Structures are given as C-alpha cells and as structure tokens.
C-alpha cells in the first residue's frame, strides 16, 4: 500500500497534466490551475524547509565547535539580523496616510487596531535599515565574490587554453575571436585596420555573430534535442513507474 | 655551449608555462582599474543583431502598452544585468509603456525596486501608476507563469510591499498574462528559456531576454526560432542598448555603466588573449627545445 498509493497518484496526475496540455477542455484547464496553485504553495513550504535546514545545519556546527564554526555562527547572526530588519521593520514605520480625508480617518482607525505595516519592512525607502543592509552589506559581498571570478578565469584560461591538437586549436581560435568580438576596443581596431580598408573582410562583430549563430547554434541544438529526448524518456519511465524519484528514501 | 644555451631557453619557456597566478592577477587588476581612472577613454560600440532586435521589439510596441520585466538575478550579476534593466526601463518610460516587475530570484525584487524608482524619477513616472513591482513568488516558472495566464491576483494578491492589487491603478491594465505585450527576463540563468517555454509557447506572449555573457551561447537557438524576439548578451549587450537609445535620440544621456565598463572589459579581454598567446608559444617552444635536448640525449644514450 505504501508503494502503490504514491505510484497511482503520480501516474494519474502525470497523465492528467499531459492530457490537459493537448486537450484544453474546461475541467482540465481548471485542474491545471489548481495543480499549479498547489505547486506555488508547496514551493513556499520548501522555502520554510530551507530556512529551517539552514539554521539547523549551522547551529549543529556551532554547538559541536566543528571546523570553521565561526562562519556558521556569522551565517545565523546574519540571517537573524536580515529577518528582523525585513520581517519586523514594519513595526517601527508609520503607515502611509491615504490622500482622501474619509480614507485617512478610516486608516487611522485601522492603524490604531493593528499598527503593523508588513510591506514597509522590505521597502528600501521606508525602511532604511533594511535598505542599508541590502545595498551596502549583502550586495557588495555577493558582487565581490563573483568579481573574483574574473581573476580566476584569466588564470585558468592561461593554463587551459592550449592548442595541443587540431580540435583544441579550433576551439582556441573560436574562443579568441569571440573574446575579441565581445571587446569593443578590439572590434574597433579590427574594423579600422582591416574591414574599412578591405571590403571582403567582415567586421569582427560579424565574424563573432557568424560563429555564435551557425556553429554554436548547431551544436547547442544537438545538445537540446538530446536533453529533450532524455527528459521525455525519463518522464515516461516515471509515469509508468519504472523510476520513482518521489519515493526516495524508502525501500523499493 | 650550444647545449647549455638550448637548456637555458627551455628553462625560460618552461618557467613561462608555470607562471605564478598572482602575476596574472596583477595584470588583470591593472587592465581593469586603469581605464576606469581615465574617464575620457571611450570605445565605440558596434550594435549586434540580438540587441537591435530587442530594441526594435520594444520600439514597435504601441505607446501605453504593458511589459513584464523579470528580475531573475541576484547581486552577483548586478554589474552585468542592471545596466540592461536601466536601459530597458528608460526606453519603456520614454514611450509611456508600463512596467510590471516580477522575479524568480528572491533578491530580484529589491534590485528592481531601487532601479525602477531611480529611472522613474528621471522620467517623472510614478510607482503603482507607471510601474508595479510584484515581487518574488516561489514555485518555479511553470506554476508562476501559467498562474499569471489564469489570473494575476491569484499569483500576486499584493505587490512586493504588500499593497493589495485592487489599490494599484496600473493593475487594471494587467489582469492576465495575455494583457502583456512583451515579457523580458533579465537573468543569470536559463529563465528566459522558461519564459519562452510558457509565456510564448503556451500563452502566445512574445518574450525577450537579457543574459550574462557566459550564458549567451545558450540563447542563439531561441533567437533563431523566434522564441525570443531579441536578447542582450552580457555587458556589451547592455552597452549596445545604451548606444541604441542615444542613436535613436530617445535618451542622449543613456551612456551609462555598461558603456563606461567597455574599456576595462576590452582591456581585460586583451590581457587574457595576450597571456593565452604567451602560454601557447611557451608550450610550443618548450616542446621544441625539450625534444631537441631529448633527441640528443637519446642519441648519446644509444651510443
């Protein structure tokens, strides 16, 4: 029973979603809307699960004083600060008064009853604490980590981009042309020195676009077809119960 | 003597192959920083077809129409994607096109909020009248996009800052996804593909994109089939859109962060290419000198 019921639910719902894609009948369209609504609700629960997991994993590391535990502590403190600033910032912000006089009176009564504007907490202008933390702590930290990539990519390119044989040489040539094509300065020099003087030589931008539109797209399409067919095969295997990823963790 | 000279040359090439990564870092740092210190250093931007197509798609919209701009990125890709969002917002606001911002990244709404308010101020536009920030919704693209196709208020009962949709004047023009003329996803991931897969394929709303340079190669197939009407590819794509705004006299001050970032980006690319060339020459030369020395050794060993 523990195996059959989930299998039946998955198969029936899966088939129904496939049928509604091709047959937009009334009942099926409504069913699709309900299923998608549940999808969003489950997505929200996954978010809560993620938060609980984040706190639990890091708290265990702090408690056991395992390697690099101070980072885990900083993660928890950071989470709590942002949560308080965004989630409860609305308690400290005066609700916005509506323009009309009657509306203002009604709003004042409402404010007296419940003096909390949740939305104001994550409005960067109305809650400068949240805005400051987001713009001057979170954004620079995240951007800095990503910016380091430029340095590591340069170092990796120096070591990896070597024309060891013909295919590697072709890849290197294409990469260099695309990189030059994406660099406005190189395109400008190329056009000034070559394209503008000799008619048959295309601009660097045109060569780059040709590489991206033809060889690149052809290869990508092959990959996409492969991925699509594999996904279709996987979906059929799940629908007929040959694979049951939704039963992970149970003995099959 | 000749053998020693060959060995020395081989050592030089071999040491070049093992160059300390910190030396490369210094060169990249200088290439990135110096052009920023010379504001007069500018480079002309050649507009490519994908950017031109997206510009044409926005330009072809009737004044007063509605577009979705989805902020599907986080702070790490702000330098690449926010200039695109600013340029697109300028184009839309200059033509009285209303913007409805959504996000599949949790950080997206906060990024979009600051940015849209800044551009709206330039054009004298008002939040809730000329643009609405609907915020982030979990559940993934199929649930959210197809939910929007049924009813916006079902997916987003309030905007990002908890204002009920019925109190937002601009929402009278956007009840369902079919009210939208164009969806543009700015993404550091494959979200434009998801918009094309659901908003265009299922609902019939044209879609465009703006992606980071590393993702660009993935989207040419979608442009070729018309699933995306146009796409901005990396920071150069943003610079191209800024150039288009200036060339078409939509905003003569549109040259912004992306255009300013072109000289440093160009210099960094050139530095990488020079290092790649050095690496390949060093590999070739060290192989030659190595085989020459090795050949002699084998010969003498044979004797």
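The values are calculated or read from the model by the stated rules, or taken from the named source; none is laboratory data. Please read all numbers here as calculations on a predicted model, not as lab measurements. Positions of Cβ are generated from backbone atoms using ideal geometry, with glycine treated the same way; all protein chains shown enter the neighbour counts.
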Those residues of the range A:175-203 which are surrounded by fewer than 17 Cβ atoms within 10 Å (Cβ to Cβ), free of Cβ contacts under 8 Å to residues at least 12 places away in the same chain and either within 10 Å of chain B (Cβ to nearest Cβ) or assigned to a helix (DSSP H, G or I) (or both) amount to A:189, A:192, A:193, A:194
Within the range B:213-229, the residues that are modelled with pLDDT of 90 or more and over 13 Å from the mean Cα position of the chain (by Cα) are B:220, B:221, B:222, B:223, B:225, B:226, B:227, B:228, B:229
Scanning the range A:210-219 residue by residue, the ones that are within 7 Å of chain B (Cβ to nearest Cβ) and touching a residue at least 12 places away in the same chain (Cβ under 8 Å) total 1
Reported set for the range B:35-74 where residues are more than 14 Å from chain A (Cβ to nearest Cβ), crowded, with 20+ Cβ neighbours inside 10 Å and in contact with a strand residue (DSSP E or B) (Cβ under 6 Å, 6 or more places away or on another chain) is B:54, B:67, B:68, B:69, B:70, B:72
Considering only the range B:75-89, I want to know if a residue exists there that is surrounded by 22 or more Cβ atoms within 10 Å (Cβ to Cβ), touching a strand residue (DSSP E or B) at 6+ places or on another chain (Cβ under 7 Å), within 14 Å of chain A (Cβ to nearest Cβ) and touching a residue at least 40 places away in the same chain (Cβ under 8 Å). yes
*Report whether or not residue B:210 is facing chain A (nearest Cβ under 9 Å) and either part of a strand (DSSP E or B) or at pLDDT 95 or above (or both).*
no
Expected single match for in contact (Cβ under 8 Å) with a residue 12 or more places away in the chain and out of contact with any helix residue (DSSP H, G or I) (no Cβ under 6 Å at 6 or more places or on another chain) among B:32, B:61, B:41 is B:61
Scanning the range A:133-174 for residues that are more than 10 Å from every other protein chain (Cβ to nearest Cβ) and either outside any helix (DSSP H, G or I) or at pLDDT below 90 (or both) gives A:165
Across the range B:247-264, the tally of residues that are free of Cβ contacts under 8 Å to residues at least 60 places away in the same chain and either in contact with a helix residue (DSSP H, G or I) (Cβ under 9 Å, 6 or more places away or on another chain) or within 13 Å of chain A (Cβ to nearest Cβ) (or both) stands at 3
| request: May I ask you to verify whether residue A:208 is surrounded by 11 or more Cβ atoms within 10 Å (Cβ to Cβ) and either in a loop (DSSP other than H, G, I, E, B) or modelled with pLDDT of 90 or more (or both)? | output: yes
In the range B:241-257, anything modelled with pLDDT under 95 and crowded, with 21+ Cβ neighbours inside 10 Å is listed as B:254
Of those in the range B:225-246 that are assigned to a loop (DSSP other than H, G, I, E, B) and touching a helix residue (DSSP H, G or I) at 6+ places or on another chain (Cβ under 8 Å), the residue farthest from residue A:183 (Cα to Cα) is B:227
Q) Among the residues of the range B:179-187, is any assigned to a helix (DSSP H, G or I) and surrounded by 24 or more Cβ atoms within 10 Å (Cβ to Cβ)? A) no
